[in-house]
1. Just a yes or no: is a residue in region C:109-128 farther than 28 Å from B:Asp187 by Cβ and either modelled with pLDDT under 95 or of a type in the set (D, E, K, R) (or both)?
2. Among A:Glu196, A:Glu150, A:Glu209, which is the only one that is within 14 Å of another protein chain (Cβ to nearest Cβ) and surrounded by 21 or more Cβ atoms within 10 Å (Cβ to Cβ)?
3. Determine whether B:Leu219 is in contact (Cβ under 8 Å) with a residue 40 or more places away in the chain and either touching a Ser or Thr at 6+ places or on another chain (Cβ under 6 Å) or more than 8 Å from chain C (Cβ to nearest Cβ) (or both).
4. Of the residues B:Val160, B:Val116, B:Val122, B:Val140, only one is touching a helix residue (DSSP H, G or I) at 6+ places or on another chain (Cβ under 8 Å) and β-branched (Val, Ile, Thr); which?
5. For region C:50-73, how many residues are within 18 Å of the chain's Cα centre (by Cα) and within 24 Å of C:Cys126 (Cβ to Cβ)?
6. Tell me the residue from B:Leu227, B:Leu159 that is under 24 Å from B:Lys50 (Cα atoms), crowded, with 23+ Cβ neighbours inside 10 Å and within 11 Å of another protein chain (Cβ to nearest Cβ), please.
7. Evaluate the following for C:Val136: is it under 22 Å from C:Phe71 (Cβ atoms), in contact with a Leu (Cβ under 6 Å, 6 or more places away or on another chain) and either in contact (Cβ under 8 Å) with a residue 24 or more places away in the chain or part of a strand (DSSP E or B) (or both)?
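The values are calculated or read from the model by the stated rules, or taken from the named source; none is laboratory data. This is a predicted model, so every value here is computed, not measured. No Cβ is skipped: glycine too gets one built from the backbone with ideal geometry, and neighbour counts run over all protein chains shown.
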Amino acid sequence: MPVFCEKRQLVVPGDLLAEGDYEGDENTYQEGEKVYATRVGLADYEGRRLHVVALNAFYIPSVGDLVIGKVVEVGFTGWNLDIRAPYVATLRASDTLSRSYRPQRDDLPSIFDVGDLILCKVTAYDRTRDPLVSIREPGLGKITRGQIAEVTPTKIPRVIGREGSMVNILKGETGCRIVVGQNGRILVSGRNPEDERLAIRAIRKIEQEAHTSGLTNRVTEMLRREKGGVVESAQEDA
Amino acid sequence: MKVPKKMPERLISEEGVRLDGRRPDELRPVKIEVGVLGNADGSAYIEQGKNKVLAAVYGPREVHPRHLALPDRALLRCRYHMAPFSVDERKSPAPSRRETELSMVTRKALEPAVFVEYYPRVSIDLFMEVLQAAGGTRGVSITAASLALADAGIPMRDLVAACAAGKVEGRIVLDLNDREDQEGEADVPLALMPNTNAVTLLQMDGQMTIEEFEQAVNLALQGCKQLHALQREALKSKYVAVKEEVGEE
Amino acid sequence: MTSSVITARVKQKQIAQLITGGKRLDERGLTDFRPIQLETAIIERAEGSARVRLGKTDVMVGVKIGVDTPFSDVPDQGVLTVNAELVPLASPTFEAGPPGEDAVELARVVDRGIRESKAIGLEELCPVPGKKAFAVFVDVYVLNHDGNLIDASALAALAALLTTKVFNYEVKDEEIKIKPGYTQLPLRNQPVAVTLAKIENKLVVDPSLEEEQVMDARLTVAFGKEGKICAMQKGGSGFFTVEEIMEAVKIAQGKAEELRKIVVGG
């Protein structure tokens, strides 16, 4: 009963991963007894379950995800947000006000306008309708300072690291507040723009090298080295 | 510029050597690059002989106009277009009937490979631009388009590779260039999903017996499999390069 | 898209089940054409015309002869143009306007069958090489769409061309002067198209509209004389295996002969 790929082997769509009594999970599909990859990525398996960690994939919302959205339209009863998904998300006006919405009295653009960035949570999404987001929890709402880095959503787990190990290194070495959106948008907010840029350079490096090993050490090394010379931080990484 | 009248020289020698030095079962030289455009979600560029084709994907994204959205699957839209400077006599930028037909057959060639049912109510927009044409552009376009789709992270059952075989001066040959296409007896473009041996594009024009047709199909299948190996390498190459850079393996 | 008319799922299942058992909704065999009716020379104003009814699919083809300049790369040949219109009255899904991709595909596949089989003696249609050539306009007009427009159109085009008469002429000072009387259009080959649809991994000849809506894919094969293939077109969003392709081609060859007899006789 063969598996045709090694762990962490780079595969492309249509590659046969295994044949026999196996089951395919993420980024695979099954035809009879054969399991194939559906995306470019690193194949992996645990017992009889195979999956592919995609190296590039767009974000599909999941209820409970923390995301950073950008207001693209102000409607009559709420706002439409670009959350880097194929579907536009809706934030209802009633969600943001502690009382019911009164169209004559409440001016929506004064609360959130086109171009504003909002930290929010996905509260509803299925095949038949566009996602709904909410800012009801504490800490959610309009982002007023900091910079945003956009990465491929599949790399987010690498940015976070096992139990937050990677993102903690980023926070520790740069002194920035870092909020990771599941939709591939990361908020970096620090004491000064140089610290923020350093954190973003580290995030770029993680994105580029996500499929390699020893990344945590290389990132730590890079941060320490770049922090050491103030002159260096003015140069942008290639 | 007028197209010169048929040359008296032969297209294939007695020994089976073609005008460009190839043997009957040889593909033209192929060069592939994936991820070449900054804005598109996925892209690929292929040179095959003198053909130069650029393919790009935007999507999945909201459908515009909205009323075209399908309730249970993604709408795959394809545009095959030739640049005015891609051919000998300047071609008007307005879509010709040939481009309309090729836009459709390339879409039908790629649709079976894409998991459109995963993403209802969105569109996946595919653009194929022929920058220089030298025979067999629909095959090159499909091969590039399938790489652009994979580059965009759109889930696929398989890659799609395409090329043409045909009959020139009585012989069955692979990957006809423009002269062989124009002056030959028959042309059979074919697209294949290589892992399942599923033919998703098949056309023919010219005159052939059924036996000759079968030979051409088999030759085209071989060509597609060779292209597929090159596609896989191209998709992996940027990640392999990074691995080498950081000193892994 | 050919049609956005959605076939009820129950009917889709019915069609699939019947076909697995070797039967079709209208009780035809898998390789049977629907009843065919052919009329020719029905439009007197056109130099040639024909109407084909294939089951309920109804297509009319008119041939008009005009005078034009030959193409610069073939200055001693007449010019063939095939056009197809899916006029709105033929189906609730056809809209008025310029030809969409289905109309373009239909025209080009019919064109390919005629052109690649060298059916029309175009070298005999250029009275003043480089300056004046006869233009043969083949216009396909779909009157009712009940599936398999390609085969019906190709058959009607062949029938229309077989009855087409070109006006007699003489050349004076490189101008064409019309004389009384007509000559038959020189036809060297008689291309016939046969379309098969793949449903539930079986191949059926001459798909009806409902069968087209549930099919995985279709393959059209056009044959000239002596059983030579002159055009082929795969349609639909599915795929074929090589075995299915060869099987389809062999079935089509036999059916093409049957169809040709209807038009040519004997």
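1. So the first thing to find is which residues in region C:109-128 are farther than 28 Å from B:Asp187 by Cβ, and the list is C:127-128.
Filter once more, so that each one left must be either modelled with pLDDT under 95 or of a type in the set (D, E, K, R) (or both): C:127-128.
Within region C:109-128, one or more residues are farther than 28 Å from B:Asp187 by Cβ and either modelled with pLDDT under 95 or of a type in the set (D, E, K, R) (or both).
2. Working: A:Glu196 fails: within 14 Å of another protein chain (Cβ to nearest Cβ); A:Glu150 fails: surrounded by 21 or more Cβ atoms within 10 Å (Cβ to Cβ).
Unique residue meeting the criteria: A:Glu209.
3. Details: in contact (Cβ under 8 Å) with a residue 40 or more places away in the chain: yes; either touching a Ser or Thr at 6+ places or on another chain (Cβ under 6 Å) or more than 8 Å from chain C (Cβ to nearest Cβ) (or both): yes.
Judged against the criteria, B:Leu219 is a match.
4. Numbers: B:Val116 fails: touching a helix residue (DSSP H, G or I) at 6+ places or on another chain (Cβ under 8 Å); B:Val122 fails: touching a helix residue (DSSP H, G or I) at 6+ places or on another chain (Cβ under 8 Å); B:Val140 fails: touching a helix residue (DSSP H, G or I) at 6+ places or on another chain (Cβ under 8 Å).
Result: B:Val160 is the single residue among B:Val160, B:Val116, B:Val122, B:Val140 that is touching a helix residue (DSSP H, G or I) at 6+ places or on another chain (Cβ under 8 Å) and β-branched (Val, Ile, Thr).
5. Within region C:50-73, the subset within 18 Å of the chain's Cα centre (by Cα) is C:50-64.
Those still in the list that are within 24 Å of C:Cys126 (Cβ to Cβ) too: C:61-64.
Residues meeting the conditions: 4.
6. Working: B:Leu227 fails: within 11 Å of another protein chain (Cβ to nearest Cβ).
Going through B:Leu227, B:Leu159 in turn, just one is under 24 Å from B:Lys50 (Cα atoms), crowded, with 23+ Cβ neighbours inside 10 Å and within 11 Å of another protein chain (Cβ to nearest Cβ): B:Leu159.
7. Details: under 22 Å from C:Phe71 (Cβ atoms): yes; in contact with a Leu (Cβ under 6 Å, 6 or more places away or on another chain): yes; either in contact (Cβ under 8 Å) with a residue 24 or more places away in the chain or part of a strand (DSSP E or B) (or both): yes.
So C:Val136 fits the description; yes.
The rows are residues; the columns are (1) over 17 Å from B:Ala44 (Cβ atoms); (2) at pLDDT 95 or above; (3) more than 10 Å from every other protein chain (Cβ to nearest Cβ).
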{"position": "B:Ala69", "(1), (2), (3)": "yes, no, yes"}
{"position": "B:Pro84", "(1), (2), (3)": "yes, no, yes"}
{"position": "B:Ala94", "(1), (2), (3)": "yes, no, yes"}
{"position": "B:Val105", "(1), (2), (3)": "yes, yes, no"}
{"position": "B:Ser123", "(1), (2), (3)": "yes, yes, no"}
{"position": "B:Gly136", "(1), (2), (3)": "no, yes, yes"}
